[in-house]
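Below is one structure, written out as structure tokens, with a few remarks after it.
The values are calculated or read from the model by the stated rules, or taken from the named source; none is laboratory data. The structure displayed is predicted, hence computed values, not measured ones. All Cβ positions, glycine included, derive from the backbone under ideal geometry; neighbour counts span all protein chains shown.
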């Protein structure tokens, strides 16, 4: 993308993607009032709907496993969580609007039970969420104009990382360095042959680590370029789904493991005959969008590259990037009886 060109700046989603870099650079410190109720002795439960949960929850679960932390971390949608006993957990509920129906049902239940550690994260002040939780974190991203969430997703995730860092006594990372790398990835020029392959594809698959970033790009593919998409987590990528794949579909590998690339080639390219593209910190055997090697924040740079690619595909297809036909900004709004 070119953040100075009217081709891109005419769309809110493009300007909001670039605003994400400044948001990362100036991320506020975690409030002491939040740390006062987040109990290091208790498991952490993260809930919300759609983009508000996918990366924020799964990213810290991935980090937790790589760190080998003793703090158990769980996630689930707020409606299923109504069936769970969360009494002895620190619960973090995320909703940009602060009035998502599924989350508010759960919050009201926990409040009625006098839950000891209920934290809300929202982009708006004076919301239902803020009124009903023990402590609220108000994001600095402001209101997004595009329907597809971008900068709020990243800030939500980084704030949940800050809570994770507190619970596990981990230092906060170098956000300024991430901001610079993030912008550089948005600025990447993507080869037209890659854009054309995605534009022609009838279905787009993403395959990579189960850390939320691939799932988020799957959702953004629906919202931004209006294509069917699916995230192939772990074993799904190369154990059976090739039976129903077609030549006019595309697989995007996200930072693929070197030891699995040949298998991907045999299954997707040789067997099915489909195109495979990689977003990776190093060259692969496939057409590759190369991004910086930044292990502490690799997922965020993969996300930025995916955003960049989807914008180019959307423009190639002549799509209004800001306004999906059916998707709404608030998927399911709470209305009091």
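A few points about this structure:
- Unmet criterion (only one of (1) within 14 Å of residue 43 (Cα to Cα); (2) out of contact with any helix residue (DSSP H, G or I) (no Cβ under 9 Å at 6 or more places or on another chain); (3) modelled with pLDDT of 95 or more) for residue 80: (1)
- Residue under evaluation residue 51, criteria (1) within 22 Å of the chain's Cα centre (by Cα); (2) modelled with pLDDT of 95 or more, criterion not met: (2)
- Subset of region 227-244 (residues that are touching a helix residue (DSSP H, G or I) at 6+ places or on another chain (Cβ under 6 Å) and either part of a helix (DSSP H, G or I) or assigned by TED's automatic domain parsing to the domain that holds residue 63 (or both)): 242
- Residue in region 97-112 that is closer than 22 Å to residue 29 by Cβ, out of contact with any strand residue (DSSP E or B) (no Cβ under 6 Å at 6 or more places or on another chain) and not assigned by TED's automatic domain parsing to the domain that holds residue 214 present: no
- Residue, surrounded by the most Cβ atoms within 10 Å (Cβ to Cβ), within region 1-22, restricted to residues that are out of contact with any helix residue (DSSP H, G or I) (no Cβ under 7 Å at 6 or more places or on another chain) and in a loop (DSSP other than H, G, I, E, B): 11
- When region 205-217 is filtered for residues that are surrounded by 23 or more Cβ atoms within 10 Å (Cβ to Cβ) and touching a strand residue (DSSP E or B) at 6+ places or on another chain (Cβ under 8 Å), the ones remaining, listed by number, are 205, 206, 207, 208, 213, 214, 217.
- Among the residues examined, residue 224 does not qualify as under 22 Å from the mean Cα position of the chain (by Cα), buried (at least 16 other Cβ atoms within 10 Å of the Cβ), more than 26 Å from residue 313 (Cα to Cα) and touching a residue at least 24 places away in the same chain (Cβ under 8 Å).
- Search result, residues across region 39-52 that are surrounded by fewer than 19 Cβ atoms within 10 Å (Cβ to Cβ) and touching a helix residue (DSSP H, G or I) at 6+ places or on another chain (Cβ under 6 Å): 40
- Being farther than 24 Å from residue 225 by Cβ and exposed (fewer than 15 other Cβ atoms within 10 Å of the Cβ) is a property that residue 25 lacks.
- Residues of region 53-92 that turn out to be closer than 16 Å to residue 162 by Cβ and buried (at least 21 other Cβ atoms within 10 Å of the Cβ), as a count: 8
- Checking every residue in region 209-226 against the condition of being in a strand (DSSP E or B), farther than 21 Å from residue 56 by Cα and outside the structural domain of residue 124 (by TED's automatic domain parsing) gives zero matches.
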